[in-house]
Structure formats: C-alpha cells, structure tokens
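The values are calculated or read from the model by the stated rules, or taken from the named source; none is laboratory data. These figures come from a predicted structure and were not determined experimentally. Neighbour counts are summed over all protein chains in view; Cβ atoms, including those assigned to glycine, are modelled from backbone coordinates with ideal geometry. Only protein heavy atoms, including side chains, enter the accessible area calculation; ligands, DNA and RNA are left aside. Shrake-Rupley method; radii C 1.70, N 1.55, O 1.52, S 1.80 Å.
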Amino acid sequence: MTPVLFLVNPEARDWASRLAVHLGAVLREPNDLKSELRRAFRRQQPIIGICASGILIRILAPLLSDKQREPPVIALAEDGSAAVPLLGGHHGANDLARRIADHTGGVAAITTASELHFGTSLDKPEGYRLSNPQHLKNVAARLISGEKLRVKGEAPWLSALPRATDASLGLLVTEYAVPGNEASLVYHPQTLALGVGCERGVSPDELINNVEGILLREGLAAKAIACIATIDLKADEQAVNELGRKLGLPVRYFSAAELNEETPRLKNPSEAVFREIGCKGVAEAAALRAAGAQGELIVEKTPSAKTTCAVARAPCPIAAEHVGRPRGRLSIVGLGPGSEEWRSPAAEVALLRSCHWVGYSRYLELAADLRVSQTEHRFPLGEEETRARHALDLAGEGHDVALLCSGDAGIYAMAALVYQLLDPNSASGLADDARRISVDVIPGISAFQAAAARAGAVIGHDFCAISLSDLLTPWDVIERRLSAAAEGDFVVALYNPRSCARVDQLDRAMAILRAGRPADTPVIVASNLGRPGEHLDVRRIDAFDTSRIDMLTIVLVGSTSTRSFRRGDGATIVYTPRGYSASRNSDA
C-alpha cells in the first residue's frame, strides 16, 4: 500500500513534500487528524506522522488488536532527526524508517530486539518463510540472553547469528517439510516455482489435490514455493486462481512463445500440446521459466485426469514480482458525490493500489488527493466506451487499473458498459488478454442517495431512478417508465434531467409526474453535492421551474405520501414514511 505522510505543523511542509515524493507517499494535512489517521490504519496503509509519538499512540491505541494485520506506523520528528517505528517493525516499518533517515540525514530508531542484536528480522527475513513462528519468541529470547545456534543450511542473513556446533538451539534452512520445535526454527527459502496446467473448467479440487499430493510425496514444504506459474490462457481459470488463494501465493503468467523457449529443458515435451496452444509443455515450461535460466526441474510433469503439475528449483530465492506477469485487474470505482468524507475505504484502497487511473477528467480531479505516481488516462465526457476499452486493454497487459466514476459505479456509470464489452455473446472485438482480467466493482454513494440524505429521508419508502437522457434509450421508452412510476406512486429520482441539447424532456417528465400528485408534493433539486458550490433546494411540484436545471443536477420528486416540514433552524426536511397509515400533512 502507498504510505501516507501526515503533516501536523505546516512549517515542515517544504521538506515533507520532498520526502513524500522520495517515498512515493501521499502527503496529507488533515483537518481532522484523528479520523484520517484511523481511516488510514483500518485500510492497512503505512502511516508516517510528522509529530510527537504520543499523538499517534493515543489516537491509534483503541484500534490495536492483531499485530499480524497492523500496518507500519512511524513517528517522525518535525526536523527529520529521528524516525521511530512504533508498530509493524518486522512488517516494513523498520525498512521504511531507514529509508526516511537516509533521506533526512536523521536516525532510524530501531527498537525490535532481533534487528538490534543480529541486524536482521528473524520472523520474516527477505526471501525466506519461517515454518514455526509460534516458537520464535522463545528461541529469540534465549539468543538475546546469550545462547548460540546450531545452524544447518545457508542464507545470507545467517552470518550475524551466534553459532556453536554443540548449541542447544537449532536453525535449519531447507526446502523440505521438516517440523520445528520450541528450541529449533525451520526456515524455507522461497526457491521453488510451481508450474501448473489444466483443462478448461476443471474442478479446483482436482488441481489442489494434485499439487498437495506432489508436495506430500516429495516431502516439499509449501512455504518454499515462491509462486505458481502457468500459461496466460489460464489467467481466468477458476482452478488456477483458487489454487493461488489456497496456498496464499501469487500466480504469474507467460505467453506460449515464452514457454516454448523452454523446450530444450523440458523432460516431457508434447507435440500435441504444441498443436493445441503453441508450446510443447505448460507445467514444466512455466516452472522452469519462473525459476530462471539457472533453475532445474526437480519434479517432472505429474498428471491427474485433467491437470498437470511440475516443480523447478532456483539457486536463490525467487522474487515473484519480477516473474512473468500477474493477472490484470480492473477496479471500477465509485467515488461518491466527490467529497473525501463520502468516499468509501474500499474505493481509496483500490485507487491507492492501482498503477493506472482511467476516467473523465473531472472524475480524476475528484481523487487527486490520493494520486502519488499513478499514470492518468484522461478522456472527455461522451467517450465512455473508448475509456472502458482503454481500461480493459491496460488491465489485459497485466496492470492494476482503476476506472473512475462519480457516484456509484453501477448506477448510470461504467460497470454495465464494461461487462457488456466482456460479455462473450457481444461482438466487442476485445483482445483475449483483456477478457481474462479480474474485475471488481467498488460501490459508492449515488447522487440520489446524497440528495436524499441532505434533504432528510425522501427515499424512506419505495422509489425508482429514471434517466431522462435519450442518447441510449428511446424517449418513448422513457415516457412509459415515467408513466409507470407515476401510476405506482414511487418517489422518482431523475438523472440527466437537462442539457444544452435536451431542453424539453424534463418539462415533459414533470407533466407526467404531476398527474395525481398534490400541488404541494416536495421536489428536491440538488447539484454539486459534496463539492464546492453545493446547492440544494426544496420546491413544491406546482411551482417547480425546470429552466435552471442542468446536467450537474439531480431531481427527486416525492410520492403522494412524501411529507415536508421546517425545523427551528430553518432547514426544510423531506421524508417519506415507511407506511401509508398516517395522514399526509405538509407545512413547507
């Protein structure tokens, strides 16, 4: 996750801005430090507070519950002289503090015992996974008290540890599944690459069982696997993705041409496979490709009825992020009305995680406070399909992409268009890679929800939303829907009520909705909700003037049971009771 740098004293803004650029962090000068700190903490975003450590401690203390899930938290002195990891020392805070100190010329005040004594983190040394973390505390405490280790195996970080051949404490580095105990730690180097292949639509259980059977038979530790590798044709294969989730491992993909380059190293090349997909093997080739040029095949292709698996070993831990490419991901993000307060944590996580932002220029500006190094792809209003295709193509290249929408991504927004393009029954002409991506729809507060909340509770009972734009829907269809809504006595939210080219549709819609509704039925007119220039007005339906309505406005028309009243502070409240038993009364 992108770190967030909280600036409390504006006098430090200049050097804090330079530090944020150096770290690739978001710089925030919050109006409400408590709420913004807690929001960043809950979304597990690394936190750097340029303030006294006590401020961070007091604000975040009520949220502390699980050290394995808590993000790095660093207190940074206002002059940059000291960076103190308060939380998550072994989960990135110590390394982040060192990067900060290197930039500011200050000191990284590392307090975790193992790094102070041995210069390395014993719970998560890079490229290695501890098999028995439950025994770490006992072994580390005994080491710090002066005991030594019997070490078997090699790793660069072992050199600083105290050793003795007759020591009572042990440490083993191995790819094999060996149990540890309270006096012996077992580390697995992530030197193994698991290559898999399968038929389309195979049961995830069959692939998982094949892999687990191989590991059990060969005695290999699952924690020694750095990644799962396969051909890019399988990017959307459920079994492959379920295997990745089951093992908690990244899945990396190669093209047929890349896998075919591994043919000389294959133990079981297949002409039939070559005729089918353009390479002479998937499982063995993918495992070898992921293990690198110096890798060796240690488990040949092992088939089940519809799957194949193979394992290759690299001479040193595999950096999975540099292997092949990941499955592309497209997040269709609803930003809400525009204000930070109405933007969901899930939307912020998706925006911070993604490396490409695609959207209408105005929508990109609504999220500018979260932009760090993301590449922006700006499109004018009206090019919805063009921007959807562009986002899909970027994700098809293996990128993490956010397609930004105002309001809710699924309400008169981009989600439906994206899925229409992905629909295999549509002649969209999308590239195969774009069709295999992962897609998430991140909901947001829609305009009608925001307007209703600002005015009271007008959608407290049955309601519907109708767009008056006839660019995609024939006007006669819109009129039928308006008539049905009027007959059904729904509260009606009117989207796209008026534009420069469409000047009479709103008048015609209101004529339909006025029929059968009392003259004092409340009509809510709202624009720029949650943004500068916000305006909300409540009018009677018989006095509603359509001439001042534009595309930035949403109109909510009450039902026959919708009521309004004026409060002592002058605010007009509009609500629709949940039931029709009470008599209707309005004094607005």
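Out of curiosity, is R435 among the basic types (K, R) and surrounded by fewer than 19 Cβ atoms within 10 Å (Cβ to Cβ)? So R435 passes the test. Number of residues in region 265-277 that are open to solvent by 30 Å² or more (accessible area, probe 1.4 Å) and either touching a helix residue (DSSP H, G or I) at 6+ places or on another chain (Cβ under 9 Å) or polar (S, T, N, Q) (or both): the value is 6. Every listed requirement among (1) touching a helix residue (DSSP H, G or I) at 6+ places or on another chain (Cβ under 6 Å); (2) surrounded by fewer than 22 Cβ atoms within 10 Å (Cβ to Cβ); (3) among the acidic types (D, E) is met by E262 save one, (2). Screening S53 against (1) modelled with pLDDT of 90 or more; (2) polar (S, T, N, Q); (3) over 28 Å from E11 (Cα atoms) leaves a single unmet condition, (3).
Tell me, yes or no, whether region 328-342 has at least one residue that is under 30 Å from N210 (Cβ atoms), assigned to a loop (DSSP other than H, G, I, E, B) and not aromatic (F, W, Y). So far as region 328-342 goes, yes, one or more of its residues are under 30 Å from N210 (Cβ atoms), assigned to a loop (DSSP other than H, G, I, E, B) and not aromatic (F, W, Y).
Filtering region 243-259 to residues that are assigned to a loop (DSSP other than H, G, I, E, B) and either within 23 Å of D432 (Cβ to Cβ) or open to solvent by 30 Å² or more (accessible area, probe 1.4 Å) (or both) leaves G248, P250, S255. Note on region 513-531: among residues that are free of Cβ contacts under 8 Å to residues at least 60 places away in the same chain and surrounded by fewer than 16 Cβ atoms within 10 Å (Cβ to Cβ), the one that is nearest to G570 (Cα to Cα) is A519. Count of region 452-468 residues, restricted to those that are outside any strand (DSSP E or B) and open to solvent by less than 20 Å² (accessible area, probe 1.4 Å), is 4.
May I ask you to verify whether R531 is on the phi < 0 side of the Ramachandran plot, in a loop (DSSP other than H, G, I, E, B) and among the basic types (K, R)? So R531 passes the test. Every condition in (1) in a loop (DSSP other than H, G, I, E, B); (2) in contact (Cβ under 8 Å) with a residue 12 or more places away in the chain; (3) surrounded by fewer than 16 Cβ atoms within 10 Å (Cβ to Cβ) holds for D440 except the one numbered (1). Within region 413-432, one or more residues are open to solvent by less than 50 Å² (accessible area, probe 1.4 Å), of a type outside the set (A, V, I, L, M, F, W, C), under 25 Å from D236 (Cα atoms) and at pLDDT below 90. Considering region 532-551 alone, what residues qualify as being buried (at least 16 other Cβ atoms within 10 Å of the Cβ), under 39 Å from the mean Cα position of the chain (by Cα) and over 25 Å from H461 (Cα atoms)? Result: I549, single match.
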